[in-house]
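For reference, the structure is listed below as structure tokens.
The values are calculated or read from the model by the stated rules, or taken from the named source; none is laboratory data. Just so we're clear, the structure is a prediction, and the values are computed from it rather than from any experiment. No Cβ is skipped: glycine too gets one built from the backbone with ideal geometry, and neighbour counts run over all protein chains shown. Keep in mind that these areas ignore ligands, DNA and RNA; they rest on the heavy atoms of the full protein, side chains included. Shrake-Rupley method; radii C 1.70, N 1.55, O 1.52, S 1.80 Å.
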Amino acid sequence: MIDSLRGAEAVKIAFPILSDNVLTKIVYDMNHRGFGVATDCIDPGNLASLRSFIENKVADNGGEYIGFSGLEARGTFLDNLSSSPEFIRACKVIYEKGTGKAAPRVPFYQVLRCTSGKAGQKHAFIFHYDSYVVTALVPVVIPSEGRCGHLIMLPNTRAIRENYFRNLIDKVLLDNTLTQVLLRKFTASGRLQATKVRMIPGNVYFFWGCRSIHANELCDPDKIRATAIFHYVDSHASSWLRCTLRGKNMQYKY
Ligand SMILES: O=C(O)CCC(=O)C(=O)O
Ligand SMILES: [Fe+2]
């Protein structure tokens, strides 16, 4: 610890500076195996305080699933992460290396999902595309045994849909009981080769959310599984059609 901070509450850095080589490798992995990892970049103390916030909220909710979007988890380490210049820069560089376009100056759409109890099971195996280009997934609590709710994905199954109408067609094809049942069946049997991501708290996982079909597997109801998700650059932000269909001021995930 730096001397001047000894004895005082040291301010833990939210996210390290990632070198250009590391970011290039993350983008390469996102393109080739579906996800890239920034390892050991979240301080254990920051994770521990977030973990106790989550445990208290789940207990207050009778041990059942609870989710927070936007600023609802205000006052936690997630605030520091979403405003961390190093984290914002990492996402910006990943976006730019991956798309070849300049990243717009936009905030994250932030979600904290705490899966637990019977209600948590309803949130498993919901295969979807995000509507945001880059998804940065921060595992906070991941069970180490039994059903752990691993992330599964079919990476890069479509291009970024510039056209919202084409996105709607994908949504209709994906977001129906038949497709969901078939995806669950075929990924479980191995007929469809899904990529399984066994996330480790402390790491941050990046993937092309709007290009990759993904979901989390079932988690034992007596365990908590919690992930913070930072969605970056809404691919349909300027879509006239979406604004007309859904109203201008709402945040959309999918
Ligand atoms: O919790 C996870 O592992 C994935 C969550 C997710 O895909 C989302 O919130 O968009
Ligand atoms: Fe997602």
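Tell me, yes or no, whether the range 118-126 has at least one residue that is in contact with a strand residue (DSSP E or B) (Cβ under 6 Å, 6 or more places away or on another chain), within 11 Å of ligand 1 (Cβ to nearest atom) and assigned to a strand (DSSP E or B). Checked against the condition, which is being in contact with a strand residue (DSSP E or B) (Cβ under 6 Å, 6 or more places away or on another chain), within 11 Å of ligand 1 (Cβ to nearest atom) and assigned to a strand (DSSP E or B), the range 118-126 yields no hits at all. Residues of the range 40-56 being part of a helix (DSSP H, G or I) and open to solvent by less than 70 Å² (accessible area, probe 1.4 Å), which ones? Within the range 40-56, GLY45, ASN46, LEU47, ALA48, SER49, LEU50, SER52, PHE53, ILE54 qualify. Among the candidates VAL138, VAL181, VAL111, the residue that is in a helix (DSSP H, G or I) and under 30 Å from GLY63 (Cβ atoms) is uniquely VAL181.
Among the residues making up the range 95-137, a single one is open to solvent by 60 Å² or more (accessible area, probe 1.4 Å), within 15 Å of the chain's Cα centre (by Cα) and away from ligand 2 (no atom under 13 Å from the Cβ): PRO107. Is one or more of the residues making up the range 207-220 over 30 Å from VAL93 (Cβ atoms) and assigned to a strand (DSSP E or B)? Taking every residue of the range 207-220 in turn, at least one turns out to be over 30 Å from VAL93 (Cβ atoms) and assigned to a strand (DSSP E or B). Within the range 17-39, being open to solvent by 40 Å² or more (accessible area, probe 1.4 Å) and in contact (Cβ under 8 Å) with a residue 24 or more places away in the chain holds for ILE17, ASP20, THR24, ASN31, ARG33, THR39. Report, by residue number, each residue of the range 138-155 that is within 12 Å of ligand 2 (Cβ to nearest atom) and farther than 29 Å from ARG105 by Cβ. Once the filter is applied, which keeps residues that are within 12 Å of ligand 2 (Cβ to nearest atom) and farther than 29 Å from ARG105 by Cβ, the range 138-155 yields only ILE152.
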